[in-house]
Amino acid sequence: MTHCNICGNLVFSNFNTRKQVFCLSCKSLERHRLVRWSLESLGVTVQNKTNGRRALHLAPEESIHRYLAPIFGGGYFCSDLFPEIYPHARCLKLALPEGFDIFPDGYFNLIVHNHVLEHIPGDYRDHLTSFLRLLNHDSHMIFTTPPISLTSETKQGGELLASDPERIRLFGQKDHYKRFGYDLLEWFQAMPGYFKAIDIPLEVRNDIRGGNESVFVYTSPKSEVQNYPVESF
């Protein structure tokens with residue numbers, strides 16, 4: 001029997017045009033369950049390995065928040081430009097890229113974001129550069145995006161369009177400002193680290209109703225680990 005690997009629930013409902021993918025207990029969707037499986041597969045959320053480590057969660061969905069918060073404790077940080085959308089989280093109001101300058105280089109051991117990049121005005125390379133600066137050595141950024149075209153370049157600038165119908169036509173949703181292409185993957189592959197789409201077995205996808213979405217992981221280069229005292233922001 002398929003189940004939600006975040007809360008254990010067995011009952012799902014439809015979401016938009018997708019049949020039986022919305023968890024009625026923790027409100028997770030396919031990508032959230034796939035991200036949890038990926039985190040566990042990589043071993044980055046094993047509790048005896050997270051002591052003194054920090055995680056940054058952008059646009060902290062309730063389902064992933066309930067999973068990560070007890071694991072990282074005081075080292076778990078959430079942020080969004082509109083924190084009122086996430087009443088379940090203590091969410092910092094930060095805008096990319098300049099808002100993240102409050103954190104020193106290498107401050108986080110894990111960064112998680114799901115379908116976030118396409119909502120941010122500006123150039124995705126500036127945003128990702130800000131994230132990679134925050135990663136400690138041998139640390140991970142795990143993320144998902146809408147489907148990436150392997151035959152065309154990224155289209156950006158949706159925030160400059162005059163109307164929502166234009167954004168829907170070009171980017172799929174009125175609040176999407178980008179449609180990603182193969183250059184996003186090439187950008188990561190040129191970085192001094194390791195980038196891949198996580199191999200999630202079909203039986204796992206079926207077991208947790210994970211759909212066919214890709215989960216990506218960028219791992220920063222191995223080197224001497226930076227240590228920072230816990231601070232409040």
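If you check F216, F180, which single one turns out to be surrounded by 14 or more Cβ atoms within 10 Å (Cβ to Cβ) and touching a Pro at 6+ places or on another chain (Cβ under 8 Å)? Sole residue among the options that is surrounded by 14 or more Cβ atoms within 10 Å (Cβ to Cβ) and touching a Pro at 6+ places or on another chain (Cβ under 8 Å): F180. For G158, the conditions (1) in contact (Cβ under 8 Å) with a residue 12 or more places away in the chain; (2) over 24 Å from I120 (Cα atoms) all hold with the exception of (2). Screening R54 with (1) touching a helix residue (DSSP H, G or I) at 6+ places or on another chain (Cβ under 7 Å); (2) surrounded by fewer than 20 Cβ atoms within 10 Å (Cβ to Cβ); (3) more than 28 Å from I168 (Cβ to Cβ) gives one miss only, at (2). Screening R125, R209, R169 for residues that are open to solvent by 60 Å² or more (accessible area, probe 1.4 Å), out of contact with any Gly (no Cβ under 8 Å at 6 or more places or on another chain) and closer than 25 Å to N5 by Cβ leaves exactly one candidate, R209.
Does L68 satisfy being in a strand (DSSP E or B) and touching a residue at least 24 places away in the same chain (Cβ under 8 Å)? Criteria not met by L68. Just one of the listed residues (D175, D199) is touching a His at 6+ places or on another chain (Cβ under 8 Å) and either within 27 Å of C23 (Cβ to Cβ) or open to solvent by 70 Å² or more (accessible area, probe 1.4 Å) (or both), and it is D175. Looking across Y76, Y67, one residue alone is touching a strand residue (DSSP E or B) at 6+ places or on another chain (Cβ under 8 Å) and either of a type outside the set (S, T, N, Q) or open to solvent by 10 Å² or more (accessible area, probe 1.4 Å) (or both). It is Y76.
The values are calculated or read from the model by the stated rules, or taken from the named source; none is laboratory data. All values derive from a computational prediction rather than experimental measurement. Glycine also receives a Cβ, built like all others from the backbone with ideal geometry; neighbour counts cover every protein chain displayed. Side chains are part of the model used for accessible areas, which takes the heavy atoms of the whole protein and leaves out ligands, DNA and RNA. Shrake-Rupley method; radii C 1.70, N 1.55, O 1.52, S 1.80 Å.
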